[in-house]
Amino acid sequence: MRQTRERRFIDECHARNPWWEGDYEDLRQVTQWQPRSDLFVLLSQLDSNDADPPLAERIIGCYGQTGIGKTTLLKQLGATLMDTSEAGYTVERRNYNIVNSVEPAAVLYLSVEESLYQLEQAEDALELLKRVVEYHRTRVAASTSHQVLFIDDLGTLDAEPEHIGQTLFDLVDDRLSIVYTTRVRDQVAFQNDTGDSTVEPVPLLPVKFIDFAQMQSDTSRADKLETLQAGQSKAARDDPDVLTLQDVRRPLKEEKPDPVEFAKRLERLYFDNVDDEERNQLNEQARKYFWYGGFPRQFTVGEESAVANKTTNQLTRSNLELFLFKELAQSKSIHRPNNLLQLCGLAASTEATEYRYRELASRLDVDRRTVRNYIEALEDAIILTESTDYALQRHRQTRLYLREPRHVIVLSQRHAHQGFETVQGAFPYNPTFERFLCRTVVFDHAMRLTYNVGLDHTIEYTETDAGDIEYILRDGSTVLPFALGYEPRDGDAA
């Protein structure tokens, strides 16, 4: 007897959710890696669902470039939620009611890109997706009180956003939470027919330094870094006088931000809370972060291997090109996607600090307005961000910063990055390029800081007689200037 189309989708669904039958090996493969901070962001949002929020708040979207780790994040999240130790993962240093509270059979994972949905017309695919979810809810998870649906790469479907949004709203109810991923932001902010919107999507950036440091540390040191990052209230800390990163940032959150107090607290954290051995290790981990980068994590964190050396650069560049040429260009209606890659290459060049917009237009053979469109598309995708001159009201030139240090390596010229081709750090000393990587990483983390503390989401620079002030943050009319002082292998910071 010929198998029905719906039955084929259901069979595939069983194959992609082996934990329904007690097989957790697929989850153990991803839970061997330390989680990124985004896991706790999603847990916090899901945990708030216990307070019976509006249905729209039960639909949570994430977006990030190809290879950033969206699938790994979803499966780690699933393992964290399941009420079983077999999945191989628990959250020990933060408290969430939803952790280990969901029956394994109540967790449904659907991959849109790597599945039969790709072979269907978009509207048919959405209808089949709804039928599979209904099958899961009535036949597999019928007796459970709380169910979770993961939809991976939902934006791959060539459907109108409002149709996708309506599908999500048709599925969700007070027993079901939905977490879905896409590659660009334009695919993730959905509405239904009545104008109800999903919650603000979570952008997935390359792994930040403190997450990377935790991945590189032993358990006790990773616990300490997690405590610094989690930022419990002073009353909940073992030692109320110990600073956390949230304490350090707090002066920048005030009505009148105080960069001097911010710097003093950062100095106290580094020199008083962290001992000599830990400082030395953080220094070494910072240098590793420059050449390892924030992704792909599976090739750059953990055991060293010849595979990591041979494939990391190729994989990183291939994923970037795939994202730029296919996903971003299509989403932003860019007809010459190679120009996006060329702009990234210019940002990776150590030979030019600033570019005039007229020069960029000439190199790309487009007008200045198109150059601006390219930069805005890359900024929206968190691939590249520009910095403009603080001293000029009309901006005629720009500095371009890639947001991922490994992108700087794979797109820069060989003579500039020579020695940084591997990810294991066995290379001739190259202080000029290392400082260039440091400048990139500090810019990326300064941009993250502006979002964390609610500053204007721009960073400017200015040239003075004493040297460059490379990072100027703002809070309205309040100006917060920071200069980069970095001398590779020169001991402790001053």
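Extension gain for the segment PHE325 to TYR486, taken as residue separation times 0.36 nm less the Cα-Cα distance, is 54.4 nm to one decimal.
For the peptides 288-295, 478-485, the ranking by mean Cβ contacts within 10 Å, running from highest to lowest, is 288-295, 478-485.
Once the C-beta distance of GLU267 and THR432 is scaled by a Förster radius of 41 Å, the resulting FRET efficiency is 0.90 to the nearest 0.05.
If GLU327, GLU284 are ordered by their accessible area, calculated over protein heavy atoms with a 1.4 Å probe, which sequence runs from highest to lowest? Kindly include the intermediate steps, with their values, before the conclusion.
Working: GLU327 15, GLU284 85 Å².
The most accessible residue leads, giving GLU284, GLU327.
Taking every DSSP bridge with both residues inside the chain, close to 45 percent are antiparallel.
At 1.4 Å probe size, with the rest of the protein present, what percent of the exposed accessible area of the chain is carbon and sulfur atoms?
Numbers: 10250 of 23060 Å².
Solvent-exposed carbon and sulfur of the chain make up 44 percent of the total.
Run the numbers for LEU392 and GLU255: contour at 0.36 nm per residue of separation, minus the present Cα-Cα distance, in nm. All intermediate terms of the calculation are to be shown ahead of the outcome.
Details: separation 137, 0.36 × 137 = 49.32 nm, distance 2.62 nm.
Full extension of this stretch gives 46.7 nm more.
Solvent-accessible surface (1.4 Å probe) assigned to THR4 amounts to roughly 80 Å². Each residue was assigned an accessible area with a 1.4 Å probe, and for ARG7 the value is about 90 Å². For the set MET82, MET215, the ranking by accessible area, highest first and with no ligand, DNA or RNA atoms included, is MET215, MET82 under a 1.4 Å probe.
Computed over the Cα atoms of the chain, what is the ratio Rg over Rh, Rh following Kirkwood?
Working: Rg = 23.6 Å, Rh = 24.4 Å.
Radius of gyration over Kirkwood radius for the chain works out to 0.97.
Within the full protein context, the accessible area of GLU277 is estimated at about 120 Å² for a probe radius of 1.4 Å.
Estimate the FRET efficiency between ASP124 and SER349 by the formula 1/(1 + (r/R0)^6), using the beta-carbon distance for r and 51 Å for R0, to the nearest 0.05. Display every interim value, and only then the final one.
Values: r = 47 Å, r/R0 = 0.92.
Taking R0 as 51 Å, the efficiency between ASP124 and SER349 is 0.60.
Using the Cβ of ALA141 as centre and a radius below 10 Å, the other residues enclosed give a net charge of +2, where K and R count +1 and D and E count -1. Using a ≥ b ≥ c from the Cα gyration tensor of region 349-487 (square roots of the eigenvalues), is it rounded, prolate or oblate, where a/c under 1.5 gives rounded and otherwise the larger of a/b and b/c decides, a/b for prolate? Judged from the Cα gyration tensor, region 349-487 comes out oblate (a/c at least 1.5, b/c at or above a/b). Going by a ≥ b ≥ c, the root eigenvalues of the Cα gyration tensor, does region 71-173 fall in the rounded group (a/c under 1.5), the prolate group (a/b larger than b/c) or the oblate group? Prolate.
Working from label points 7 Å from Cα in the Cα-to-Cβ sense, the ALA286 to VAL41 distance is 2.4 nm. Accessible area per residue for the chain, computed on protein heavy atoms with a 1.4 Å probe, is 47 Å².
Top to bottom by accessible area (1.4 Å), largest first, where do PHE9, PHE436 land?
Details: PHE9 5, PHE436 25 Å².
From most accessible down to least: PHE436, PHE9.
The values are calculated or read from the model by the stated rules, or taken from the named source; none is laboratory data. Predicted model only: the values in this text are computed from it and were never measured. Reconstructed Cβ throughout: ideal geometry from the backbone, glycine too, with neighbour counts over all protein chains shown. Just so you know, the surface numbers come from the protein's heavy atoms only, side chains and all, with ligands and any DNA or RNA stripped out. Shrake-Rupley method; radii C 1.70, N 1.55, O 1.52, S 1.80 Å.
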